[in-house]
Amino acid sequence: MNLHEYQAKALLRDAAVAVPEGRVIRAIEDVAPALEALGDGPWVMKVQVHAGGRGKAGGVRRVKSIDEARAFADGWLGRRLVTIQTGAAGLPVDVLYIEPATAIARELYLSLIIDRATSKVTFIASDAGGMDIEEVAETTPGRIHALSVHPAAGLMPYHARKLAFALGLSGDAAKAFGPMLKGLYEVFTRKDASMLEINPLAVTEAGELIALDCKFVLDSSAGYRQPAIMAMRDEAQEDPREREAGKHSLNYVTLDGDIACMVNGAGLAMATMDLIQLEGGTPANFLDVGGGATAERVAEAFKLILSDSKVRAILINIFGGIVRCDLIAEGILQAVREVDLRLPLVVRLEGTNAEQGRAMLAHSGLAIIAETDLTRAAQAAVRAAQGDI
Ligand code: ADP
Ligand code: MG
């Protein structure tokens, strides 16, 4: 689960990590009191959405007067911001953040992630921070440094020295870096983050260190013990289908293609998506209905898939290990009748009671393409999406 920048910065502030003072703006009327509270300008106004790339998309602006600030708020509140990270539909802009403009001398990059290869919390740092960090990673990966923290030993002074050196810090900034690192490590571990990113971490013209942007991602599995963070959830920023799926314990991720997939088991879902791609199609989603799929869950999953107007064909691939294929067939038939299906539907059932399930589909009188072979099922789905069936 993502937080907004202003929420993430509040966590940093609580851990004594330097961030600018800021104010949240939800309506034009909030602009004047915010500027008054912050004192003299110029200020920087920032659209709050769960995505980066806001600067390049016009969602971050330096403003020098209350009129400019009002114009920015008027232009963005209630609209949607499209950035390189949001997809074409963009994300709704309900909140803006305003803070004093910092006089930046250098922009650095610093983040914490859990490195799955080493199973350790790992700092990633670069002296080339700011809005082009993705390009730096691609063209000059040598400018990106990684350093893991041993979970038993925790953060050690040498971590700070090594990273400060990699970032080219000196003087006051180098001195402030150790405590800042400690604060970030504390936020990351105590708040169960799966990623915490400061980009840019600015060195000011006065030689101070300050976090100008912050991204915080909560490890959702730890949500039960982080009620304060869960309370910051902004559902408006989440994909409505993914949100709906969560309510029915379905694992769903929206993708760009036009072939909807419904599969039981994450591994099988990945393999199914790979096969669609191999056959020249593109998946519209990842959907794992789980090992213990019931007829009701299959029906819910079906509705979810059909709520996506991009979908031109559906491929259901169920392996009946724990679940019985006849139950799945029942769920499919129930859902197809309920939703008045007009899209081509390819079903591959295999495993326990597969024959029974296939027979139920065949005798249903519905135009379902039943397959036993996965490759053939993928081929049929790709052809169907192209209008060839
Ligand atoms: P995003 O990463 O979504 O583009 P950022 O918050 O990183 O958004 O802002 C983009 C750029 O705007 C930063 O790289 C920095 O140059 C500038 N910026 C952001 N906040 C401030 C600030 N408080 N003062 C001065 N410049 C800022
Ligand atoms: Mg940024």
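The values are calculated or read from the model by the stated rules, or taken from the named source; none is laboratory data. Bear in mind the structure is a predicted one, so any value in this text is a computation, not a measurement. Neighbour counts run over all protein chains shown; Cβ positions are idealised from the backbone, glycine included.
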**Request:** Specify the residue that is farthest from Ala125 (Cα to Cα); the eligible residues are those in segment 211-229 that are charged (D, E, K, R) and away from ligand 2 (no atom under 16 Å from the Cβ).
**Result:** Arg225
**Prompt:** So is Gly321 modelled with pLDDT under 90 and of a type outside the set (Lys, Arg) or not?
**Reply:** yes
**Message:** Contact list please: Cβ distance under 7 Å, first residue in segment 194-205 and acidic (Asp, Glu), second residue assigned to a strand (DSSP E or B) and within 13 Å of ligand 2 (Cβ to nearest atom), pairs at least six apart or on different chains.
**Reply:** Glu197/Ser111; Glu197/Lys215
**Request:** Considering each of Ala37, Ala117 in turn, give the residue that is surrounded by fewer than 16 Cβ atoms within 10 Å (Cβ to Cβ), away from ligand 1 (no atom under 14 Å from the Cβ) and at pLDDT below 95.
**Result:** Ala117
**Message:** I need the full set of residues from segment 1-46 which are within 24 Å of the chain's Cα centre (by Cα), farther than 19 Å from Val217 by Cβ and either of a type in the set (Val, Ile, Thr) or part of a helix (DSSP H, G or I) (or both), in order please.
**Reply:** Val24, Ile25
**Message:** Whether any residue in segment 183-196 is part of a loop (DSSP other than H, G, I, E, B), of a type in the set (D, E, K, R), modelled with pLDDT of 95 or more and under 12 Å from Tyr109 (Cα atoms) is what I want to check.
**Reply:** no
**Complete:** If we ask which residues in segment 285-300 are in a loop (DSSP other than H, G, I, E, B) and buried (at least 20 other Cβ atoms within 10 Å of the Cβ), their number turns out to be 2
**Asked** What is the one condition in (1) crowded, with 21+ Cβ neighbours inside 10 Å; (2) under 30 Å from Asn317 (Cα atoms); (3) modelled with pLDDT of 90 or more; (4) not charged (D, E, K, R) that Ala211 does not satisfy?
**Response** (2)
**Request:** Tell me which residues, restricted to segment 44-57, are within 14 Å of ligand 2 (Cβ to nearest atom) and surrounded by 14 or more Cβ atoms within 10 Å (Cβ to Cβ).
**Result:** Val44, Lys46, Val47, Gln48, Val49, His50, Ala51, Gly52, Gly53, Arg54, Gly55, Ala57
**Item:** Residues satisfying the stated conditions in segment 70-92, i.e. outside any strand (DSSP E or B) and either crowded, with 20+ Cβ neighbours inside 10 Å or within 11 Å of ligand 1 (Cβ to nearest atom) (or both)
**Value:** Phe72, Ala73, Trp76, Thr83, Ile84, Gln85, Thr86
**Asked** Quick one: in segment 126-159, which of the residues that are among the polar types (S, T, N, Q) and either on the phi > 0 side of the Ramachandran plot or modelled with pLDDT of 95 or more (or both) is nearest to ligand 2 (Cβ to nearest atom)?
**Response** Ser126
**Residues satisfying the stated conditions in segment 53-69, i.e. in a loop (DSSP other than H, G, I, E, B), within 13 Å of ligand 1 (Cβ to nearest atom) and in contact (Cβ under 8 Å) with a residue 24 or more places away in the chain** = Gly53, Arg54, Gly55, Lys56, Ala57, Gly59
**Complete:** Taking segment 139-182 and keeping residues among the small types (Gly, Ala, Ser), assigned to a helix (DSSP H, G or I) and within 14 Å of Thr122 (Cα to Cα) leaves Ala160
